[in-house]
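Here's the structure we're looking at; comments come further down.
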Amino acid sequence: SNGFTMFTVVRPLSNDNSARSIFSKRTNVGVNQAYMLFLYGSNRLTLDVVTNNNRFDTSPTNFPAGSNYILTAGYDGTLPTASRSTLCSGQTLVTTASETSASMPDYNSPIIVGSTHVGDTRPFDGHIAEIIYFSKALNTTEKIVVDNYLSAKYNITLSANDFYAG
């Protein structure tokens, strides 16, 4: 695949500094790794795509324990290297980052919810209400539709493009 868009609805329960994965596809650290979306270092949202080489996070923005968030990660290998990866909170783009990989290999690694990999002893410390994964980079309109669906379903206010008036 040359892209993905992943939406998550989470409520972290601690501000632990260890890696607490929301969603990953990898066998172990850097082994058969397609991606990993996780909270790390005072609850900064962090993304690895293919390897740990281009890891980036939302610093200085963090997501304190006890609140509900719609957190989104995007990757588009067709874009220029400097703008292939994004992290958003609701409809707000928090950061764009460089990613050298133009596509994700189809590794035979498991998809894991709430842990970095099978056997890892650092579970996600919180609630994961929903994960929506698209194996393509969504366009702006498609992202707005999904964000509004999640906003309405979980009563999480969007700071932009909030079209649901229910």
Please go through segment 106-146 and pick out each residue that is under 16 Å from the mean Cα position of the chain (by Cα), modelled with pLDDT under 95 and aromatic (Phe, Trp, Tyr).
124
Selection over segment 1-52 where residues are within 12 Å of residue 85 (Cβ to Cβ) and either in a strand (DSSP E or B) or touching a Lys or Arg at 6+ places or on another chain (Cβ under 9 Å) (or both) yields a count of 11
Considering (1) without any contact (Cβ under 8 Å) to a residue 40 or more places away in the chain; (2) of a type in the set (Gly, Ala, Ser); (3) in a loop (DSSP other than H, G, I, E, B), say which one residue 102 fails and leave the rest.
(1)
For residue 125, indicate whether it is acidic (Asp, Glu), in contact with a Ser or Thr (Cβ under 8 Å, 6 or more places away or on another chain), closer than 19 Å to residue 66 by Cα and touching a residue at least 24 places away in the same chain (Cβ under 8 Å).
yes
Among 26, 55, which is open to solvent by less than 10 Å² (accessible area, probe 1.4 Å) and among the charged types (D, E, K, R)?
26
Please find, within segment 72-99, the residue that is most open to solvent (accessible area, probe 1.4 Å) out of those that are free of Cβ contacts under 8 Å to residues at least 40 places away in the same chain and within 15 Å of residue 53 (Cβ to Cβ).
82
So, in segment 107-152, how many residues would count as being open to solvent by 90 Å² or more (accessible area, probe 1.4 Å), under 24 Å from residue 14 (Cα atoms) and either assigned to a helix (DSSP H, G or I) or of a type in the set (S, T, N, Q) (or both)?
1
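The values are calculated or read from the model by the stated rules, or taken from the named source; none is laboratory data. Keep in mind that this is a model prediction, so the values were computed, not measured. Cβ atoms come from the backbone with ideal geometry, glycine included; neighbour counts cover every protein chain shown. Areas reflect the complete protein model, heavy atoms only, side chains present, ligands, DNA and RNA absent. Shrake-Rupley method; radii C 1.70, N 1.55, O 1.52, S 1.80 Å.
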